[in-house]
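Shown next, in structure tokens, is the structure this report addresses.
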Amino acid sequence: MAGRAETESAGGSPEKVCVTGAGGYIASWLVKLLLSRGYAVHATVRDPCDPKNAHLGRLEGASENLRLLKADVLDHGALAAAVAGCRGVFHVACPVPTDKVVDPESEVLAPAVQGTVNILQACSANNVRKVVVVSSTAAVHFNPKWPRDRPKDEECWSDIDFCKENEDWYMVAKVVAEKTALEYAEQSGLNVVTVCPTMALGPLLRPVVNVSHEFLIYNIKGCIIFAVVFYFLFSYYSFNHRCDVFLIFY
Ligand SMILES: NC(=O)c1ccc[n+]([C@@H]2O[C@H](COP(=O)([O-])OP(=O)(O)OC[C@H]3O[C@@H](n4cnc5c(N)ncnc54)[C@H](OP(=O)(O)O)[C@@H]3O)[C@@H](O)[C@H]2O)c1
């Protein structure tokens, strides 16, 4: 899947690719990129009528080359319909919890792990040529047993027991989902690659803030509070010690 010249099928129509969870932050940018490269995109969302997904229909090229399809990742039939005829699939959909997880199995683990199995099975059944599964640094990074001086590479996985003890269910889900995807690829011969982004930040295409941006906003607000407290403490200090203190805010 690459340059414009490769985006036409033998019949002259654009190559079809599928993006799951297409309304999400990262997936929206991916859909935009694929449309700009001339692909026909099957974009799955849980609710095509939800206004938070309306931006997809306004992307350049959407009127000709975007199909919005309703699919929960636990719905086999909907996934099969979404990937039918596609050359490549980008599996991006995954719950990224904002609040404390009450029921890890239904809220995070099942959609992340079984959802990944479901999409891979749908891809096998529909002769998809290549699948990109979006994993995360969450599947790699959280391993207190990893030697400090050894770079984290494909050998390094977050420690599931450690993550469970800390109730980091998203991390558990990302480890199990990525391992499951790689095992599935080995057993079935399906061409699967996984990618592990770290924190993704930048302009939002959709009107809803995702977790990585919530984290950014939280930290910026935290810094502002810190700066205000810092300013008053220094003002007090400079008043009492008859010295001038200059603070520069970036
Ligand atoms: N953002 C980051 O910094 C970051 C870093 C590393 C990895 N990632 C990974 O990148 C992917 C996208 O993350 P994001 O930040 O773009 O998050 P996001 O905006 O919250 O997108 C997640 C998408 O998954 C969909 N989804 C959740 N549960 C689903 C289900 N049961 N069936 C179908 N779709 C479901 C959501 O649909 P609804 O809109 O209907 O809820 C949403 O569109 C995820 O796999 C995440 O683990 C993100």
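Key figures for this structure:
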{"read-out": "Chain lengthening between Arg148 and Gln121 when straightened (0.36 nm per residue, less Cα-Cα)", "value": "5.9 nm"}
{"read-out": "Potential extension, Leu182-Ser9 segment - 0.36 nm per residue separation minus Cα distance", "value": "59.5 nm"}
{"read-out": "In degrees, nearest ten, helix 25-36 long axis to first principal axis of the chain (Cα)", "value": "50"}
{"read-out": "Alpha-carbon gyration tensor eigenvalues x 5, square-rooted, for the chain, Å", "value": "40, 24, 17"}
{"read-out": "Peptides ranked, highest mean first, by Cβ atoms within 10 Å: ranges 176-186, 24-34, 95-105, 48-58", "value": "24-34, 176-186, 48-58, 95-105"}
{"read-out": "Selected from Leu120, Leu69, Leu216 as most flexible by GNM, with the chain as the system and alpha-carbon contacts under 10 Å", "value": "Leu216"}
{"read-out": "Contour excess over end-to-end distance, with Cα ends at Val211 and Met199 and 0.36 nm allotted per residue", "value": "3.4 nm"}
{"read-out": "Lys/Arg +1, Asp/Glu -1 at C-beta; the chain dipole; positive extreme among Ile160, Tyr184, Ser136", "value": "Ser136"}
{"read-out": "The chain, relative contact order [Cα under 8 Å, separation at least 6], %", "value": "17"}
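Read-outs throughout are calculated quantities, based only on the coordinates presented, and are distinct from any laboratory measurement. Since we're looking at a predicted model, the values are computed, not measured. Every residue, glycine among them, receives a Cβ derived from its backbone with ideal geometry; neighbour counts consider all protein chains shown.
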